[in-house]
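Peer 1: Submitted below is the structure of interest, expressed as structure tokens.
No lab work stands behind these numbers, since they all come straight from the coordinates. No experiment lies behind these values; they were computed from the predicted model shown. Counting neighbours? That spans all protein chains shown, and the Cβs are built from the backbone with ideal geometry, glycine included.
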Amino acid sequence: MKLPRSFLDEVERRCSPREECVALLFGIGGEVSSWVWLKNVARSAIEFKVDPEEFYSALAEAEARGAELLAIFHTHPGPPVPSDLDLKYMRLWRVVWIIANVYTLELAGWMATPWGIKPINVERI
Ligand SMILES: [Zn+2]
């Protein structure tokens, strides 16, 4: 998965340890070319929840543009390792999940497969 520097610049600008940040990453063939930030309606530093209507309208808009959902991005106030809650939703949304440590911007990609959770390489471009 290729992640543009401009996305990471936005992460740096808008994400803070107060609240997990969430974005949907769209593109073609493993290269992220656009993204949509979603509100964290849980307003929590340790988990996120999105508004289903906001989520689906972002998906529909991207589909209309011919882009596909490549990854779900969110921040953690610590290591970019899926939480138990993340694992539950990763099994339902089998796209790549990219997690960033909000303090260090260390990134990791993960995906649920029928054989378990596997790491996905995330390359900054
Ligand atoms: Zn998480």
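Peer 1: Would you list, by chain and number, the aspartates and glutamates whose Cα falls below 13 Å from the Cα of K2, excluding same-chain residues fewer than 8 positions away?
Peer 2: E31, E123
Peer 1: Tally the DSSP beta bridges in the chain and give the antiparallel ones as a percent, rounded to 5.
Peer 2: Antiparallel bridges make up about 70 percent of those DSSP assigns within the chain.
Peer 1: If I model region 27-77 as equal point scatterers sitting on the Cα atoms and use the Debye formula, what is log10 I(q)/I(0) at q = 0.22, 0.25, 0.26, 0.30 Å⁻¹?
Peer 2: These q points yield log10 I(q)/I(0) values of -0.86, -1.00, -1.04, -1.19.
Peer 1: Another question, if that's okay. Relative contact order, percent, of the chain when contacts are C-alpha pairs under 8 Å separated by at least 6 residues?
Peer 2: 25
Peer 1: Right, another one. Once Rh is set to the Kirkwood radius over Cα pairs, what Stokes-Einstein translational diffusion coefficient, in µm²/s, holds for the chain at a temperature of 10 °C and a viscosity of 1.306 mPa s?
Peer 2: Once the numbers are plugged in, D ends up at 110 µm²/s.
Peer 1: Pull up the cross-link candidates among the aspartates and glutamates for K118, meaning alpha carbon to alpha carbon under 14 Å and not fewer than 8 places away within one chain.
Peer 2: The reachable aspartates and glutamates, counting only those whose Cα sits under 14 Å from K118, are D86.
Peer 1: Taking 41 Å as R0, compute the FRET efficiency from the Cβ-Cβ separation of L92 and D9 and round it to 0.05. Kindly include the intermediate steps, with their values, before the conclusion.
Peer 2: Numbers: r = 30 Å, r/R0 = 0.73.
The value I calculate is 0.85.
Peer 1: Here's something else I'd like to know. Would you mind pulling out the separation of the Cα centroids of region 41-74 and region 6-36, in Å?
Peer 2: 11
Peer 1: Have a look at P17, A64, A112 and report the one farthest towards the positive end of the charge dipole of region 2-124, computed about the Cα centre with Cβ charges (Lys/Arg +1, Asp/Glu -1).
Peer 2: Of the options given, the answer is A112.
Peer 1: Please enumerate, by chain and number, the lysines with C-alpha under 16 Å from the C-alpha of K39, excluding those fewer than 8 residues away in the same chain.
Peer 2: K49
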